[in-house]
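The values are calculated or read from the model by the stated rules, or taken from the named source; none is laboratory data. Since we're looking at a predicted model, the values are computed, not measured. Note that each Cβ is placed from the backbone with ideal geometry, even for glycine, and that neighbours are counted across all protein chains shown. Accessible surface is based on the protein model in full, side chains and every heavy atom, while ligands, DNA and RNA are left aside. Shrake-Rupley method; radii C 1.70, N 1.55, O 1.52, S 1.80 Å.
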Amino acid sequence: PDIRTIVDKILTSHDFDVTCTSTGEEVIEAYYSAMEKCHPYDVLLLDLEVVGGMGGKDTIAILRQDFPNIKAIVTTGYLDDVVLANHREHGFSGVLTKPFQMEDLVSVLRVLAGPPG
């Protein structure tokens with residue numbers, strides 16, 4: 001929760017609209033809801049491992065079934081995970097390894113989503 005709050009504040013200060021969730025299940029629910037309202041998310045930031053919930057790999061696999069052009073960044077501290085080496089094959093548009101600098105996150109988001117606004 002603390003990291004989500006920090007990321008939210010930093011991205012908001014860089015003019016990004018941010019929605020924070022705790023698990024992949026919440027991401028899926030929020031994504032479908034946003035699509036129904038015709039306000040899709042530009043990019044998702046998904047952690048590979050989520051304690052007590054669905055992680056990024058399963059989340060993106062489910063969302064890609066209905067949204068093949070979805071853009072998502074995978075983040076993890078597990079540097080030897082096969083998803084990092086083959087992130088595109090697993091449905092991700094980019095990778096951020098932990099710990100990462102917030103400037104790196106902002107930069108990757110701007111490349112994938114375009115400038116905020």
Inset, instruction - State whether one or more residues within segment 56-63 are farther than 19 Å from Leu112 by Cα, of a type outside the set (Gly, Ala, Ser) and more than 13 Å from the chain's Cα centre (by Cα). - result: yes
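Residues are listed down the side, and each one gets a yes or a no for (1) more than 27 Å from Leu79 (Cβ to Cβ); (2) surrounded by fewer than 19 Cβ atoms within 10 Å (Cβ to Cβ); (3) without any contact (Cβ under 8 Å) to a residue 40 or more places away in the chain; (4) of a type in the set (Gly, Ala, Ser):
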site	(1), (2), (3), (4)
Asp17	yes, yes, no, no
Cys20	no, yes, yes, no
Glu25	no, yes, yes, no
Ala34	yes, yes, yes, yes
Cys38	yes, yes, yes, no
Leu48	no, no, yes, no
Gly56	no, no, yes, yes
Thr59	no, no, yes, no
Inset, instruction - Just need a number here: residues in segment 1-57 that are hydrophobic (A, V, I, L, M, F, W, C) and on the phi > 0 side of the Ramachandran plot. - result: 1
Inset, instruction - Filter segment 81-111 for residues that are more than 17 Å from Asp47 (Cβ to Cβ) and among the hydrophobic types (A, V, I, L, M, F, W, C) and give the result. - result: Ala85, Val106, Val111
Legend entry - Count of segment 9-27 residues which are of a type outside the set (Asp, Glu) and either in contact with a Ser or Thr (Cβ under 6 Å, 6 or more places away or on another chain) or assigned to a loop (DSSP other than H, G, I, E, B) (or both): 10
Legend entry - Enumeration of residues in segment 61-109 that are open to solvent by 80 Å² or more (accessible area, probe 1.4 Å) and of a type in the set (Phe, Trp, Tyr): Tyr78
Inset, instruction - Would you check which residues across segment 61-108 are part of a helix (DSSP H, G or I), without any contact (Cβ under 8 Å) to a residue 60 or more places away in the chain and touching a strand residue (DSSP E or B) at 6+ places or on another chain (Cβ under 7 Å) and list them? - result: Val83, Leu84, Asp104, Val108
